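What follows is a single structure, written as structure tokens, with notes after it.
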Amino acid sequence: MTNNNKNDSAPPAPAQAPQAPPFEEKSDERVFDEAIEVAEEALRHPHHFDRPIQRVIVVGAGPAGLPAAKALRDMGLHVTVYERADTVGGNWAFSEHTQAFPRVPESEADQDDLRSTGYPPASPPGPSPVPLSDDVHAFLANHHQPPTACYLDLFNNTRVPMLGSLEMGWPADTPEYVPHTCVHQYYKDFAAKFDLLPLIHFNTSLDHVKKADDGHWHLALTKVTRLVNNQVQFEAVNDTADAVVIATGEYHSPFVPHVAGLQQFQAAFPERVLHTKQFRDPHDYTGKRVLVIGSNVSAMDVSRLVEKTAAKVYLSFRGEFESPVPILRVVRGTLPPTVEKRAFVQQFGTLDANGNLVDDTIHLVDGTALENIDVVIWATGYRNKLPFLGDMRSDDVKELTTPGKVVFNTKGHWGIANLFKDTFVMSEPSLAIVGCPSFIPTTMTFDTQARALARVWSGKATLPTPEKMLELRTRHGPPCAPFLIDGPADRKRAMATLAWLNHHAEHAQLHDVPTLVGPPKEWDPLWEQSFVTWNEHIKDQERQAKELRQKRLNAKINATATVPA
């Protein structure tokens, strides 16, 4: 489970008691049998790659990219990792700087357009090297090396030990819930322990990737080096590989829906409108009247944190607040009673006949309004459009198995529609996208994806043909409901992939590869206890955050005291 949600802006729910979406509950035996059917169909109808896979490029060195790099390297493949930040850890690496507010969509069609972007394409400014001017800084922050969504008081919400990788446990004395700095350190330790750092090229961002006629993947990247005298060096990098793993994560492209008047309101009051990706310190809102828009994890977290310092906090959301989804019921139950729940926004400001803003009143869909709001925080998640895929991207469901197409579902639950086992692009199985599954994941999911990549691309397991992949995925469906997050769900999702991989290893009598296992059943009581003790965790998090804040304050005071007059 991660700290943000990619679809807070769901369509309005019907005015009735919320019910979970209907879903057939599968037994472990059925999930296993379906995985074996996949394995047998792959043996009867195998997919044949254009060329042997020997060299793999992994884009991203976060919680999904690091396990993928390790698994592929351990299976004897040549692995190169490109990471646009200057450290590993992905979203757990705190960034002091923030990104600009994304472009406001002009319409619902614009909002759902796959090629519409919150940050219009840009090239490195001027001949290189260049001074670190405001324009260069903006290019780095909005395009090349955007900040993460990590904020000062971010803690894990999947307890230790179920956070991280099955490949490396946590130190025995680690608390169940820790600040982001501890999680970031875990991934730095992971990279060091498994000697992954020599594989990683930092400060290098992917601009474009495409498969050439010769079967190789060609990648165009940009590397940034900060020089002395406040100069920045931009360097074009080109590379090729037999297969590519996109492990850039879900929390890069902040999503803001189309709402009447928002364009004019944001243009008139740019300092009063932000997205949770720009959120850093709840004390920035001391004494202010704050409107948070959203209803899922990030909205609850930000509302709860800001409530400690703000004069007043309102939470605006679509549909019913009471959720049929167990994890959302738990998370929403942490909302302080002082946060006032309000209907969704209908229009920002009052507009005259020419569409000009005449005041800053925020009108809601139930006919009420909010006045004198100092800050609006959009907690509406992310929509990852993977712009570096260029013309490979499609929103046509008829192209799910068309070679060269990565198909996005742009209606309802945003995501990639043609992934097999939430990993392999069915139309181009030498391209994989990890860390963005169609369900609420835990980080253990990334281990399963990594193992599938390593076994298949090294030739120790086989995929069915693209047509068979689509047929099997459609007929079987997912192993459990996508909104479930607990021990049994984690194991079923792992089993649906690992049983197929193990079956192929047994069939080929590969005695040099281990039997793959998923998360242990012994963790089930920890999952159950997590939901029961969630409010206690929140209180402990607030205590730890207060202590950490005091330490930071003391450090600033000490630093100021040591500066010569």
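The values are calculated or read from the model by the stated rules, or taken from the named source; none is laboratory data. In this text, all values refer to a predicted model and were calculated from it rather than measured experimentally. Here the Cβ positions follow ideal geometry from the backbone for every residue, glycine too, while neighbour counts run over all protein chains shown. Remember, those area values only see protein heavy atoms, side chains included, never the ligands or the DNA or RNA. Shrake-Rupley method; radii C 1.70, N 1.55, O 1.52, S 1.80 Å.
Restricting everything to alpha-carbon atoms, can you work out Rg to Rh for segment 384-489 with a Kirkwood hydrodynamic radius?
Checking Rg against Rh, the ratio lands at 0.94.
Please check the chain for the longest run free of trypsin sites (Lys or Arg not before Pro) that are loop-located per DSSP (anything but H, G, I, E, B) and have at most 11 other Cβ atoms within 10 Å.
116-410
To the nearest 10 degrees, how steep is helix 180-193 against the longest Cα principal axis of the chain, on a 0 to 90 scale?
Result, in degrees: 30.
Distance in nm between label sites at GLU371 and ASP189, each 7 Å beyond Cα in the beta-carbon direction?
In this crude spin-label approximation the distance works out to 5.5 nm.
How long is the gain from GLU467 to SER123 if the chain were fully straight, where each residue apart is worth 0.36 nm and the alpha carbon distance is subtracted?
That works out to 120.0 nm of additional length.
I need the calculated FRET efficiency for the pair MET168 and ARG552, taking r as the beta carbon distance and R₀ as 45 Å, to the nearest 0.05.
0.95
Take the Cα pairs of segment 82-224, get the Kirkwood Rh, then feed it into Stokes-Einstein at 4 °C and 1.567 mPa s and tell me D in µm²/s.
The Stokes-Einstein estimate is 72 µm²/s.
So if R0 is 35 Å, what FRET efficiency would THR361 and ALA220 give, r being the distance between their Cβ atoms, rounded to the nearest 0.05?
The computed FRET efficiency comes out at 0.15.
Assuming a viscosity of 0.890 mPa s and a temperature of 25 °C, what translational diffusion coefficient in µm² per second does Stokes-Einstein assign to segment 135-287, Rh being the Kirkwood radius over Cα pairs?
125 µm²/s
Please give the FRET efficiency for SER27 paired with GLN529, using the beta carbon to beta carbon distance and R0 = 22 Å, rounded to the nearest 0.05.
0.35
Between the helical axis of 466-476 and the dominant principal axis of the chain, each derived from Cα atoms, what acute angle in degrees is found, rounded to the nearest 10?
That works out to roughly 70 degrees.
Ignoring ligands, DNA and RNA, what percent of the 1.4 Å accessible area of segment 197-349 is carbon and sulfur?
49 percent
In the calculated pair distance distribution of segment 487-559, what percentage of Cα-Cα distances lie above 14 Å?
Of the Cα pairs, 74 percent sit more than 14 Å apart.
Can you tell me the mean projection area, over all orientations, of the convex hull of segment 340-383's alpha carbons? Units nm², please.
Hull-based average projected area comes out at 4.3 nm².
Please report the antiparallel percentage of the DSSP beta bridges confined to the chain, to the nearest 5.
The antiparallel proportion sits near 50 percent.
Starting from the 7 Å offset along Cα-to-Cβ, what nm value, one decimal, do you get for the label separation of GLN346 and HIS413?
Simple spin-label model gives 3.2 nm for this pair.
Can you give the extra length, in nm with one decimal, that the chain gains between GLN231 and THR181 once fully stretched, where that is 0.36 nm per residue apart less the Cα-Cα distance?
15.1 nm
Figure the gain on full extension for ASP74 and ARG103 (residue separation times 0.36 nm, minus the Cα-Cα span) and round it to one decimal in nm.
6.2 nm
What does the convex hull of the Cα atoms come to per residue for the chain, in Å³?
177 Å³
Using only C-alpha positions, report the orientation-averaged shadow area of the convex hull of segment 311-445, nm², one decimal.
Approximately 12.6 nm², given one-decimal rounding.
State the percent of C-alpha pairs, over all pairs in segment 74-144, separated by a distance greater than 21 angstrom.
Within segment 74-144, distances greater than 21 Å cover 51 percent of Cα pairs.
Suppose each label sits 7 Å from its Cα in the direction of the beta carbon; what would the ASP396-LEU132 distance come out to in nanometres?
My value for the distance between the label points is 4.6 nm.
Could you give the angle, 0 to 90 degrees to the nearest 10, between helix 297-306's Cα long axis and the longest principal axis of the Cα atoms of the chain?
Taking the Cα atoms of the chain, the angle to 297-306 is about 30 degrees.
Compute the signed sum of charges (Lys and Arg +1, Asp and Glu -1) over the other residues within less than 15 Å, Cβ to Cβ, of GLU322.
With Lys, Arg at +1 and Asp, Glu at -1, the net is +3.
Per residue, what accessible area does the chain have, given a 1.4 Å probe and all protein chains present, in Å²?
Accessible area per residue, the chain: 43 Å².
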